[in-house]
Amino acid sequence: MSNIEPHPAEQRVCGGEVDRPGPEPDTELLEPRRVPLGGPRAMPVLRALPGKNRRMVGAWCFADAYGPVDVSAQAGMQVPPHPHIGLQTVSWLIEGAVHHRDGLGSDQTVRPGQLGLMTAGHGIAHSERTPDGAPDLLHGAQLWVALPADSREDAPHFEHHADLPVFTLPGARVTVIAGRMDGHESPARTYTPLMGAEIVLEADRDVELPVDPAFEHGLLPLDTPVESHGHHAPAGSMIYLGTGRTTIRVRAGERAHLLLIGGEPFTEDLVMWWNFVGRDHDEIVRAREGWERDRDGASTEERARFAPVTTDPGAALPAPELPNARLRPRPSHRGR
């Protein structure tokens, strides 16, 4: 998924009364902002990461939740070819379908319960669109994972995993999307110690999720508000929970879908701008120049950094203008 804001700021990374206990220490509610995906009339998404004070959870540096939206009478998701560097994109659906195409020749429709994982590395272009004949409702999330310094120039690749580990806990069904949880491990390739899982909660059940105490975590409800460690989180917001926990408590009044993400705290300072994750201003400038050259077809095949998405029917997105000031690398959260 692309960040299609026309003037993207540097992402300052990588919200009747009921009695509730106050928030526990080392927790935070990350309130999302509403962003149109593809322009002012496009499908809106709720972006919980990066946030004002907290940019990352482990290596997870971007989190959009969208839907449920009826796409039977509209275009739905229509994200034309656009570039990425230095990250992995994670596509996860509760309902609907998304058609992924990229410059490597990958052509894959991702459906609920399946993982679409694209590793950008040195550079890749892709598109994401609601396919013809898709179900009427579209509902899911798109996340990014920052690649560490020793992997950020790796060759790009795409993975599609339709068979992921699933297990049950009292009051919940868990699908392991990335990494390991409670002894169950996803086949997806990761580059830092991290995990991601879909949790389907039964209504009115207090659920204990086993987690790695070396990880910080984020809970992202996708359809129903949840309660966790003194926070009430509406759909699209995120509850941040710091390291040192062996379990995370969560409850929802209705059956609920949420994502649990986590990882060892990411210690590298990053520059996040548009669809690029880099380490300094000049790296972002080079990526933007490369995209504009490749997008216009001005590169020879040997010089191209971003191979064209030849199977997509639309024109590629132009890169926005860079801000006047130099982009500065920033830590995973304010105050680190």
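Observations, loosely collected:
- Any strands (runs of 3 or more DSSP E) falling wholly within segment 149-256 and containing at least 2 residues that are closer than 26 Å to Pro25 by Cα: 172-181, 194-201, 207-210, 216-221, 226-228, 231-233, 238-241, 247-250
- Residues that are at pLDDT 95 or above, part of a helix (DSSP H, G or I) and under 19 Å from Ile124 (Cα atoms) are absent from segment 262-273 altogether.
- Checking His257, His217, His281 one by one, the residue that is at pLDDT 95 or above and surrounded by fewer than 20 Cβ atoms within 10 Å (Cβ to Cβ) is His281 and no other.
- Qualifying residue in segment 63-76 (condition: touching a Lys or Arg at 6+ places or on another chain (Cβ under 6 Å), modelled with pLDDT of 95 or more, surrounded by fewer than 24 Cβ atoms within 10 Å (Cβ to Cβ) and of a type outside the set (Lys, Arg)): yes
- Restricting Glu321, Glu254, Glu289 to those that are under 30 Å from Gly171 (Cβ atoms) and among the acidic types (Asp, Glu) reduces the list to Glu254.
- When Ile284 is tested against (1) under 21 Å from the mean Cα position of the chain (by Cα); (2) under 30 Å from Arg180 (Cβ atoms), just one condition goes unmet, and that condition is (2).
- Tally, over segment 133-173, of residues that are surrounded by 15 or more Cβ atoms within 10 Å (Cβ to Cβ), touching a strand residue (DSSP E or B) at 6+ places or on another chain (Cβ under 7 Å) and of a type in the set (A, V, I, L, M): 10
- Residue within segment 319-326 that is hydrophobic (A, V, I, L, M, F, W, C), at pLDDT below 95, crowded, with 16+ Cβ neighbours inside 10 Å and in a loop (DSSP other than H, G, I, E, B) present: no
- Val277 satisfies every condition listed in (1) closer than 18 Å to Thr27 by Cα; (2) in a strand (DSSP E or B) except (1).
- As a summary of the residue check, Arg101 satisfies the conditions (1) at pLDDT 95 or above; (2) out of contact with any Phe, Trp or Tyr (no Cβ under 9 Å at 6 or more places or on another chain); (3) surrounded by fewer than 17 Cβ atoms within 10 Å (Cβ to Cβ) except for the one numbered (3).
The values are calculated or read from the model by the stated rules, or taken from the named source; none is laboratory data. On a predicted model such as this, the values are computed, not experimentally measured, just so you know. No Cβ is skipped: glycine too gets one built from the backbone with ideal geometry, and neighbour counts run over all protein chains shown.
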